[in-house]
Amino acid sequence: MVQVFFIHPIHCVQCDKYFVVSDTFDSAIKVFDQKGPFLYKFGKKGDGVEEFRLPRCLAVDKVGHLLVCDHGNNRIQIFELQESSAKLIGTIGKGGNGKVELQQPFSMGVLSDGRIVVNDVGNKRLLKIA
């Protein structure tokens, strides 16, 4: 059995057949089987592809993709989870205060029509994304 250590877990969600936890100060997302066993983690500290700076809230969109509020990088990263890895399929936002620009996204939700609502803390607003 693999022992999993958390540094600062913030949020968790069920995504398809996985249980997923954001570990903010580890700059990683940890993925578990629904029955509990740890499967893998992904992410590391940075601002590149599949890297995080303070990952916070998690959500699952209508088609089953995992959305991660990448708080320190001012974006949301979107992943497809697989048995032993996660595949980045897109990002939303960049630093700024424009229509789809974010400053320190903290949490989000997916509406019944599929739109994403982001708590854009740095811009002091809720932002709806189509």
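For residues that are under 16 Å from Y40 (Cβ atoms) and part of a strand (DSSP E or B), scanning just the stretch 63-85, find the one that is most open to solvent (accessible area, probe 1.4 Å).
That would be E80.
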Taking strands (runs of 3 or more DSSP E) that fall entirely within the stretch 91-130, which contain at least 3 residues that are in contact with an Asp or Glu (Cβ under 9 Å, 6 or more places away or on another chain)? 105-110
Under 9 Å between Cβ atoms, at least 6 apart or on separate chains: pull out the pairs that start in the stretch 84-103 with a residue that is without any contact (Cβ under 8 Å) to a residue 60 or more places away in the chain and end on any residue that is open to solvent by 60 Å² or more (accessible area, probe 1.4 Å) and part of a strand (DSSP E or B). S84/L39; A86/E80; K87/E80; L88/E80; I89/E80; N97/R125
Flagged in the stretch 86-102 as open to solvent by 50 Å² or more (accessible area, probe 1.4 Å) and closer than 11 Å to C69 by Cα, in numbering order, are T91
Candidate set: the stretch 1-10, residues that are surrounded by fewer than 18 Cβ atoms within 10 Å (Cβ to Cβ) and hydrophobic (A, V, I, L, M, F, W, C); chosen: the one farthest from V68 (Cα to Cα): M1
Of a type in the set (F, W, Y) and either part of a loop (DSSP other than H, G, I, E, B) or within 14 Å of C15 (Cα to Cα) (or both): is that true of F32 in this structure? yes
For the stretch 107-130, pairs from a residue that is farther than 16 Å from L67 by Cα to a residue that is assigned to a strand (DSSP E or B) and open to solvent by 50 Å² or more (accessible area, probe 1.4 Å), with Cβ under 8 Å and 6 or more apart or across chains, are V121/F106; L126/N119
Looking only at the stretch 11-37, filter to residues that are hydrophobic (A, V, I, L, M, F, W, C) and open to solvent by less than 50 Å² (accessible area, probe 1.4 Å); which one of those is farthest from the chain's Cα centre (by Cα)? F32
I need the full set of residues from the stretch 74-103 which are at pLDDT 95 or above and touching a Pro at 6+ places or on another chain (Cβ under 9 Å), in order please. N74, R75, I76, Q77
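The values are calculated or read from the model by the stated rules, or taken from the named source; none is laboratory data. What you see is a predicted model; the values in this text were computed from it and never measured. Every residue, glycine as well, gets a Cβ built from its backbone with ideal geometry; the counts of neighbours run over all protein chains shown. With ligands, DNA and RNA removed, areas are computed over all heavy atoms of the protein, side chains included. Shrake-Rupley method; radii C 1.70, N 1.55, O 1.52, S 1.80 Å.
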